[in-house]
Amino acid sequence: MDTLFHTEPPKPEAEHFVRVAVERRVELKDPASDGLTYATEHPLEVGQRVEVPLGRGNSAATGVVVAAGSEDLLAGFDPKRVKYIKAVLGSPLTPELVELGTWIARYYVSPLGMTLSSMIPAAVKTDTGRKREIRLELAGDPKAELPSDTKLTPTATKAWQAITKLPPVGWPMTARTLADQIESRTVAPINRLIKAGLLREVEHSHVRARTGESDAVFDAARELTPTPEQQNAINGIATSFGTFTTHLLHGITGSGKTEVYLNLIEHALTQNQTALMLVPEIALTPQTAGRVQSRFGADRVAVLHSGLTAAQRNSAWASILDSSAQVVVGARSAVFAPIDRLGLIIVDEEHDGSYKQDQVPRYNARDVAIKRAHMNSCPVVLGSATPSLESWANATAGMSKLWSLPSRVGGAALPKVRIVDMFEERQNYADLHGGALPHELLAGPTLERALQRTLTNGGQAVLLLNKRGLAGFIGCASVSCKWALECNHCSAKMVVHRFGSVPQGGYVRCHHCNYEQQLPKSCPDCDSKLRQFGAGTQRAEEVIERLTQSMPEPCRLVAGDTLVRVDADTMRTGRDLFETLARFSRGEIRVLLGTQMISKGLDVPNVRLVGVLSADTALNLPDFRAGERTFQLVSQVAGRAGRGEYPGEVIVQTFEPEAPAIELAAHHAYTDFANQELALRQNVGLPPVRRMARIVSRDRDLAKAQAAAAQIAGDAESIKDEFGLRLMGPMPCPIERISDHFRIAVEISAPNSINLQRAMHVLRARGVLLGDAKTAIDVDPLALL
C-alpha cells in the first residue's frame with residue numbers, strides 16, 4: 001500500500017481514511033496495491049468518485065474510493081501526515097463494480113484507476129442533462145387537524161382542502177404542477193401554505209434526455225410458443241437460477257435464440273431479479289432493445305450504447321442506479337451497468353471480436369460477464385451460431401453446459417450456399433457481357449444473375465465486402481517500376497476514398513492513423529499512370545449500381561436510395577445506422593451493401609439473397625484466428641437469408657473454394673470446423689489449448705523499442721521453466737510501425753490461466769511490464785497485427 005504525505009501543515013488528526021485509485025497511469029511500488037491512502041473529514045463509501053492532491057505539487061487528480069475505514073488502512077503511517085481529499089464528486093460505481101474493476105486490473109495487467117475510470121461513461125462523470133428544481137412535499141399528515149394558531153386566507157384554505165383530497169402518488173411536485181392539480185390559476189395560495197409550514201420545499205434533480213425514436217423498430221411484443229428445443233434450453237437454464245453456471249446456447253441462424261433469452265429474462269423478473277443482456281455491435285442494439293422493450297415495457301428496460309446522446313446515456317445510467325430499470329441491454333461497456341439484484345446475464349453473439357476492448361484496459365466483455373455472474377451467483381448464457389473456439393472447448397470439456405438449437409423456427413430450411421470460384425467466373429464474364437474483363441471483378445456472372453432474379457421477384461439482398469473505400473492498393477502501372485503508396489507514418493498501404501469536394505475526385509487515407517492526403521496524379525518515381533487494386537465497399541457500391549442499370553427497370557438501383565452502403569464512412573453516428581436498418585426493414589432499401597456491420601443479427605424476412613463479394617479478405621492475414629474469423633463471417637452473413645416464407649440463396653465468391661473455413665461454412669458444418677481447428681491448435685499449442693499474452697513495445701526510436709522488448713523477453717525467459725512458458729519474439733509486428741511508433745512484440749503462452757497470471761505479475765513486480773504509453777499488454781489477445 002502506498003501513502004501520500006502532506007507537504008503543507010497538517011490538518012487536525014483524522015478519524016476516517018480511504019484508499020483511492022487515481023485515474024492516471026500510476027505504477028505503485030507494490031503491483032498488488034489497490035490505491036493511495038487519504039484522510040477525509042467525513043466517512044465515505046466505496047465507489048465514490050473524489051478529487052485528491054497528487055504528488056509533491058499537490059496537483060488535482062480524480063479517482064475512485066476502493067476502500068474505506070479508519071486507521072487500519074494506514075499500515076503504521078502517521079495519520080497526521082496523510083493528505084486530505086479535496087472534494088467528493090459523486091457515487092457512480094457500486095462496491096460490486098469496484099470489486100469487478102479490481103479483478104479486471106489484475107487479470108488484464110492494467111492500472112486500477114484507469115480501469116475504474118473506463119467503467120464510468122463520460123456523460124455520468126459530467127452529469128450531463130441533469131436538471132435541478134425546487135419541488136414541494138407535504139410537511140405532515142394532511143388528514144390531521146391544523147394547529148390552532150394556523151391562519152390561512154380563504155383562498156389558501158380552499159387550496160389546502162383540495163390538496164388533502166389528492167392521491168398520495170406524484171409527490172414531490174412543482175408549485176405549478178400542484179396548482180394545476182387543485183385547479184388554481186396562480187401559485188399564490190400555495191406560497192401561503194409554504195409560509196404556514198403545511199408544505200415543504202425540497203430540491204429535486206433528474207436527468208432530462210430526448211427519448212430515442214428507433215429502439216422499437218423491430219417489435220416482438222407477441223409471445224411465441226417455444227419449440228421443443230427452445231423449451232428444453234429454457235427449462236434447463238432456468239433450473240440454475242441462483243447459482244453460478246455458464247451455459248453455451250449453440251443455435252443455428254434463425255433458430256430462435258432471442259426467444260430463449262426473452263423467456264429467461266421473464267423468469268428472472270418474476271423472481272424479483274434483474275437481467276443484463278449484451279450485444280456485440282451497435283447495429284444489433286435497436287433490434288434487440290426493441291424486442292425486449294416491446295415484451296417487458298420501455299420503462300423497465302435501459303439501453304446503453306455509443307449511439308446515445310450524452311444526456312440519454314446519463315439518464316439510462318440513473319434509471320439503472322435507482323432500480324427503475326430491471327433489464328439492461330447494450331454493447332460492450334454495458335457489462336459495467338450498476339444493476340442491482342442481478343439474476344441473469346446473457347451474451348449474444350458471444351464469439352464476436354468487438355467484445356474485446358483495444359485500449360487500456362484490454363478486457364473481453366464476454367469474460368468479464370462470466371466473472372460478474374460468478375460474483376453474483378447467477379447463470380450466464382453465451383449464445384452464438386458460431387461459438388468461439390474458447391467457449392466450444394469449455395463446453396465440450398464439461399466446464400459449461402451445452403444447449404443446441406439445430407433447427408430454424410417454423411421449419412424453415414437453412415439457405416443453400418453456393419461457392420463460386422472467381423477464376424472460373426472471370427472466364428465466364430466475357431461470355432455474359434461480350435467485352436474485356438475488368439481488372440478486378442467484384443460481382444461475377446453467378447451473383448449478377450442471382451441479384452437480377454431476386455430483385456425481379458420483389459426480394460431484398462445483402463451484399464458483404466469486409467473492406468472499406470475504393471481501393472486498398474495504389475501502385476505504379478509500369479511493369480519496371482515497383483512504387484506503391486504507403487502511409488508516411490505507418491507500415492501500411494493507403495486506401496483510396498472518394499468525396500465530391502476533393503480535387504480529382506479522391507483522396508487516400510490510412511486506416512490505422514487516419515492520416516489523409518490528396519490522391520497523386522501519377523507515379524512520383526517515373527511519372528507513369530497509377531493503378532488501383534483491392535476494391536472496397538465504396539467501389540462495390542459504384543459497380544452494383546452500374547450493373548443493375550443494364551437490368552430490367554424494376555431491378556435498377558440508386559445509390560443512397562434503394563442501394564445503401566453500410567460502413568464506418570457512411571454510418572457516422574448510431575442514429576444513421578438505426579435509421580438505415582429501419583428503412584431496410586420496411587423495404588424502402590432493396591439492397592444493403594456493407595462490411596461486417598451487417599453480417600450479424602439482421603432479421604428481415606424478405607432477404608432472399610446474400611452475396612459475399614470476397615470470402616478471402618481475412619483468410620490470409622498473418623493471424624492464427626484467420627480461418628475461424630472467416631468461417632464465422634461467412635456463416636453469420638449467410639444466415640441473413642431465407643428467414644421468411646421465401647427460400648434463401650447465398651453466393652460466396654472466392655479464389656480459394658477448397659479452403660476448409662469457406663467450404664465448411666457453406667455446408668453449415670460448425671461442429672466439423674471447430675473440431676478440425678481445435679486439433680490444429682492442439683498440435684501447435686495455440687489458444688484455447690494454451691493461454692496467451694502479447695506485449696508490444698512501442699517507440700519512435702526502433703532501437704529503443706527493440707531494447708524494451710528484449711528486456712521483457714529476457715525476464716520472461718528466466719521464469720520460463722517455473723511457469724511452463726513458451727516465448728515468441730522479440731519480433732516486429734506484422735504492421736511494424738503505426739503513428740510513427742515502431743512496434744516490437746513478445747508473445748508469451750502458458751499451459752493455463754493461473755500460470756500465465758502468475759508469470760505476468762512476476763514480470764510486473766520486476767518493473768518490466770509498465771502500464772505506460774510505450775507498452776501495450778494484451779491478455780487473451782484476439783488480433784495479432
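Here are a few things to note about the model shown:
- For the stretch 577-717, the average shadow cast by the Cα convex hull is 12.4 nm², which is a quarter of the hull's surface.
- For the chain, adding -39500 (n - 2.57) for each run of n ≥ 4 DSSP H residues and dividing by the number of residues yields -9000 deg cm²/dmol at 222 nm.
- Solvent accessible area, Å² - LEU152, 1.4 Å probe, full protein context: 50 Å²
- Here the alpha carbons of the stretch 43-92 define both size measures, Rg and Dmax, at 11.4, 31 Å.
- Charge context of TRP103, other residues only, Cβ under 10 angstrom, K/R +1, D/E -1: +2
- Accessible area (Å², per residue) of the chain, counting only protein heavy atoms and a probe of 1.4 Å: 44 Å²
- Accessible area of ASP340 in the full protein assembly, 1.4 Å probe (Å², nearest 10): 90 Å²
- Helix 310-321 axis, angle to the chain major axis (alpha carbon atoms, nearest 10°): 60 degrees
- Computed with a 1.4 Å probe over protein heavy atoms only, the accessible area of HIS512 comes to about 90 Å².
- Rotationally averaged projected area of the stretch 76-176 (alpha carbon convex hull; nm²): 13.9 nm²
- For the stretch 556-635, diffusion coefficient by Stokes-Einstein and Kirkwood Rh (Cα), 37 °C, 0.692 mPa s, µm²/s: 235 µm²/s
- Protein accessible area in the chain, 1.4 Å probe - carbon and sulfur %: 49 percent
- Under the Debye formula (equal points on every Cα, no solvent term), log10 I(q)/I(0) of the stretch 400-543 at q = 0.09, 0.13, 0.17, 0.19 Å⁻¹: -0.44, -0.79, -1.06, -1.19
- Shape category assigned to the stretch 506-585 from the gyration tensor of Cα positions, a/c cut at 1.5: oblate
- Of every Cα-Cα pair in the stretch 225-293, the percent that sits beyond 13 Å: 69 percent
- Relative contact order (percent, whole number), the chain, Cα cutoff 8 Å, 6+ residue spacing: 11 percent
- For the stretch 16-133, the Kirkwood hydrodynamic radius comes to 14.6 Å, computed from all pairs of different C-alpha atoms.
- Shown here for the stretch 73-180: GluC sites (Glu not before Pro) in loop regions (DSSP other than H, G, I, E, B) with at most 14 other Cβ atoms within 10 Å, namely GLU145.
- Accessible surface ranking that places the most exposed of SER306, SER324, SER522 first, with a 1.4 angstrom probe: SER306, SER324, SER522
- Per DSSP, loop trypsin sites (Lys or Arg not before Pro) in the stretch 101-146 with at most 10 further Cβ within 10 Å: LYS143
- Order of exposure, largest accessible area first, which applies to TYR515, TYR261, TYR646, TYR107 with probe 1.4 Å: TYR646, TYR515, TYR107, TYR261
- Only Lys, Arg (+1) and Asp, Glu (-1) charged, at Cβ; the stretch 622-736 dipole about Cα centre in debye: 380 debye
- Value in Å of the Kirkwood radius, where the stretch 739-785 supplies the Cα pairs that are averaged: 12.2 Å
- Percent breakdown of C-alpha pair distances by 5 Å bin, ordered from the shortest bin, for the stretch 250-376: 2, 11, 22, 26, 22, 12, 4, 1
- Scattering curve values for the chain, log₁₀ I(q)/I(0), Debye with Cα scatterers, q = 0.05, 0.11 Å⁻¹: -0.33, -1.35
- The angle between the Cα long axis of helix 422-433 and the main principal axis of the chain comes to about 70°, on a 0 to 90 degree scale.
- With Rh defined as the Kirkwood radius, the inverse of the mean 1/r over Cα pairs, the Rg/Rh of the stretch 351-455 is 1.20.
- Angle in degrees between helix 626-638 and the longest Cα principal axis of the chain, rounded to the nearest 10: 80 degrees
- Gyration tensor over alpha-carbon atoms, the stretch 612-681, equivalent ellipsoid semi-axes in Å: 22, 14, 9
- Spatial separation of Cα centroids for the stretch 114-134 and the stretch 504-533, in angstrom: 43 Å
- Temperature 25 °C, viscosity 0.890 mPa s: under these conditions the Stokes-Einstein estimate for the stretch 129-213, based on its Kirkwood radius over C-alpha pairs, is 177 µm² per second.
- The distance separating the Cα centre of the stretch 360-439 from that of the stretch 307-335 comes to 28 Å.
- Rounded if a/c under 1.5, otherwise prolate or oblate - the stretch 516-662, Cα gyration tensor axes: oblate
- Whether the stretch 669-785 is rounded, prolate or oblate, judged on the alpha carbon gyration tensor where a/c under 1.5 counts as rounded: oblate
The values are calculated or read from the model by the stated rules, or taken from the named source; none is laboratory data. Computed from a predicted model, the values in this text were never measured in an experiment. Because the Cβ atoms are built from the backbone with ideal geometry, glycine has one as well, and the counts that use them run over all protein chains shown. Protein only, heavy atoms only, side chains kept; ligands, DNA and RNA dropped before computing areas. Shrake-Rupley method; radii C 1.70, N 1.55, O 1.52, S 1.80 Å.
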